[in-house]
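The values are calculated or read from the model by the stated rules, or taken from the named source; none is laboratory data. Predicted, not measured: the structure shown is a model, and the values here were computed from it. Note that we place each Cβ from the backbone using ideal geometry, even for glycine, and neighbour counts take in every protein chain shown. SASA here: full protein model, heavy atoms, side chains in, ligands and nucleic acids out. Shrake-Rupley method; radii C 1.70, N 1.55, O 1.52, S 1.80 Å.
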Amino acid sequence: MSFLIDPPLLLLSGLAIYLLGKRMQWSRHAKIVIGLAIALIFIIFSALLYTDIIRCTFPFFSRLSGSEFMFHSNITHITKSMVPEIIILFLFLLYPVWIFAGYASALLIEKRRRISPEIYTYSDVKSKKRNKGINNGSNGSNAITGANSSISSAGAITNSRNDRTLALPSVYAVKRGKDTRKCVIDAIDSLGGIGKFVQNGDKVVVKVNICGGVPEKIGTFTSIEVADVLADLIISAGAEPIVADADMVWVKFWQAATDSGYVEWAKKKGVRLVNLSETKIVNFDFGPDSALGMEEVSMEMMDADVIISVPTMKTHLLTGVTLAMKNMYGTFPDIDKAKYHKKSIEDTIIEVNSAFTPNLVVIDGSIGGEAIGPLSACPVYFETIIASNDVVMADSIASQMMGYEPMDIVHIKMAYEAGLGDASARFDFSSLSYHHAGGKDGNWERPDPLIKDFYEWGIELILMFPGWDRLFNIGADFLLYDTGRLPIFRYLVPAFLQFLHDVVYENLNGIKSTTGDITRRAINITLIGLVALGCAIGYYWDGYIWRSSLLFELSFLMAIVVAALAAVRMKTVHLIALLAISALVCYVVEHTNISAGLLKYAGSADVSLFTISGWIVMMVVILQLSDFLTSWLKGLAIFKEIRSWKLLPFALILMVFALFFYWEGYLAIAGINVLVMYTVIAAIGLLYSWKHSLEWNASLVVVSVAVGGFMELIGSMAGYWHYHFPETLAVFFALSWAMNTMAVHGLACLVGVDLGAPEKRHLLPRRHDRKKELLHEEG
């Protein structure tokens, strides 16, 4: 790995992630995690080379030091001292970007295959023939016209601006109730019924908000209940409903639709669910004076007889609100959303609504999203549905109900001034059937208009610089979206809290430990306490206390804490087996390597108490962290297509282990005892891998190399041990931790204690299992 070789390898990795992701049906999170893992591996290994902690032992480059290899000093004549460290940091920060570039390139190449050279204009949009008050001027724009506004007895707004005349009045209806289905039907009936908008044989595009929300957060995406009742109404009118949305950069439609329940619903309902990014893409001429000019649109939008915008009612950090007009922005099939911010997001919203003006709007306020939306919005159980034949009016009424003055929302004001619809109607809160119990009527937590305008101005300024649009896309979809979903937040943090959950909160929440549980837990804590005591005594006897390394001591102390927390969750028989077999394997491995001269401890000539107790702690930590990683990998379903390849993780690490064993020169000095030992360990590891899941095997390999390699590095830096060759870290020894871990687990399995079966090893059952036990006991 080097600064010249890494970028093309990372680009190829991104391409491979895209191709394998399609082949193996990986979720977006699986792709992100794999991409970050690859970037992290490259960064760590390259950083170790750059700092000359490890030697360059690659064929054809073994004459170079690690830092010389990173710069290819023999060719470029650039040395480590010539390049400022800030430049090196920047190069490493680019590693994930290279992967993204490879992924995005493959995605864009495939996308271009679907683009037709055909060009369409406003007059080709079929749904415009149904829209009221539309003027198709020569400049390609359309407008709603009329004079002063008045409120009808039904609560509707009759729109009439004095310079033009409308064929139909703009009307709206607001319905509140706990029965969302009834509210939707009543709201549409108040506008004249579904038959006023949909005719027999129509093709109706129902634009919902799927990709603009987070599946785990209600109130950030259009509820299936609203989509369901609309589908029923459309079908009852003899028309075909097409529920649609489009991809974003990392937010892929099908994954989001699956996670939010839309795929399962559509299948049961027999309704077409369409990703507009996968349909035929054509060019649309928005006019020479428009902000967009020529832009790509889905042919589904061109061919629709009727367009219904069905957004969820929520706030937006950059536009204040994201309602029916902003929802139509999501019909653009291009994943590159940054370019619309460069062209002005507000102008873009106006343009797309001018071209594809919704014939009907149904704003889903059953559960809305307040605070800093759209992706981090907090749910508001608002129990409200807003319907209108005027997209601007609908957004204006919804904005008022959230607490905004409509004219403070830039795109609403622009649309009103452009004649796209009426934003002058004032909503009367006393007309509601009941007031919101939480006092949210006109009082949502929301971004201040001035603040959101400042953010949008800042983004437009940043996007003026070349290349920043890509970073914006990553930030908007990867950072904002995935802070709500990424496993690093969604799994690892809750996993850490699971310790406290099991140890403390289980008792506080009515889950009582039996007398046997309490006894076993006390025994386990005592055992780990004895191991920790052995570490302390051995640390002193070997004289390491006089070499004191704060980093090593803090890391080891943390490892002991994790081991203790893990011990209270294990059955005693499994813990005893793990401790005993770890001690046995430690003695054999360390004694053999020391005798062969592969390494030397500064405090002892052979295996010491500190070495054995340290090994034991590491094995308990590796077991516990592997539990978490396994549950994470199963949730990501990365390996669902190759679950039968159980031997793959250990076989790969075995191959890499052998290569570095040879490259670093240890094979040449290893005696027959070392070769026999690692051969036996390899056989045990392969046998153990064959009996366990791919996720578990991968977790053991990854965690053991990461944890063991880290401790190898900081112990070597502290001078506690030295390798045969003058290097700070021997990669061979870091990789050997995967071999050692498999040996411990394999031997335990041979004596009848399966450490790879968490459900049998855990002292406390999973929460739902314990609830079942309690119900059974009560019954």
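What to note about this one:
- Taking segment 1-78 and dividing mean pair separation by its residue count, relative contact order in percent (alpha carbons under 8 Å, at least six apart): 33 percent
- Placing a label point 7 Å from the Cα of ALA437 along the Cα-to-Cβ direction, the residues of segment 377-395 whose backbone N falls under 20 Å of that point are 378-385.
- What segment 573-618 shows is 34 Å² of accessible area per residue, with the surface traced by a 1.4 Å probe over protein heavy atoms.
- Span per principal axis, largest first, for the Cα atoms of segment 335-442 (Å): 41, 30, 24
- Distance between the pseudo-spin-label points of LYS178 and HIS722 (7 Å out from Cα toward the beta carbon): 7.7 nm.
- For ASP347 and GLU85, the difference between the fully extended length at 0.36 nm per residue and the C-alpha to C-alpha distance is 90.0 nm.
- Three-way shape label, segment 565-672, alpha-carbon gyration tensor, a/c 1.5: oblate
- Gain upon complete extension [HIS77, ILE119; 0.36 nm per residue less C-alpha separation]: 9.8 nm
- Counting only protein heavy atoms and a probe of 1.4 Å, the accessible surface of segment 562-614 is 72% carbon and sulfur.
- Heavy atoms of PHE221 accessible to a 1.4 Å probe, total area in Å² rounded to 10: 30 Å²
- Accessible carbon and sulfur surface of segment 257-372 relative to its total accessible area, %, 1.4 Å: 49 percent
- When DSSP beta bridges are restricted to pairs lying wholly in segment 299-419, around 75% turn out antiparallel.
- Summarising the label geometry, the points placed 7 Å from Cα in the beta-carbon direction at LYS600 and GLU225 lie 7.4 nm from one another.
- Assigned charges on the beta-carbon of Lys, Arg, Asp, Glu; segment 178-257 dipole about Cα centre (debye): 120 debye
- Chain lengthening between ALA580 and GLU278 when straightened (0.36 nm per residue, less Cα-Cα): 103.0 nm
- Among the listed pairs LYS31/LYS760; LYS175/LYS268; LYS31/LYS207; LYS128/LYS326; LYS203/LYS267; LYS203/LYS268, those with a Cα-Cα distance over 22 Å are LYS31/LYS760; LYS175/LYS268; LYS31/LYS207.
- In the context of the full set of protein chains, residues of segment 270-393 present 20 Å² of accessible surface per residue (probe radius 1.4 Å, heavy atoms only).
- Computed E for LEU9/GLU405 - FRET, C-beta separation, R0 45 angstrom, nearest 0.05: 0.25
- Surface calculation, 1.4 Å probe, protein heavy atoms: TRP254 sits at approximately 100 Å² accessible.
- Relative protection proxy for 623-633, 69-79, 313-323, 196-206, from highest mean packing down: 313-323, 623-633, 196-206, 69-79 (other beta-carbon atoms within 10 angstrom).
- Nearest-20 debye value, segment 10-69 charge dipole, Cβ charges on Lys, Arg, Asp, Glu: 360 debye
- Dipole-positive endmost among ILE681, ALA651, VAL617 within segment 582-705 (Cβ charges, Cα centre): ALA651
- A simple spin-label model places the labels of SER693 and LYS22 2.9 nm from each other, with each point 7 Å out along Cα-to-Cβ.
- Across the protein chains, with a 1.4 Å probe defining accessible surface, the residues ILE44, ILE349, ILE669 rank ILE44, ILE669, ILE349 from largest area downward.
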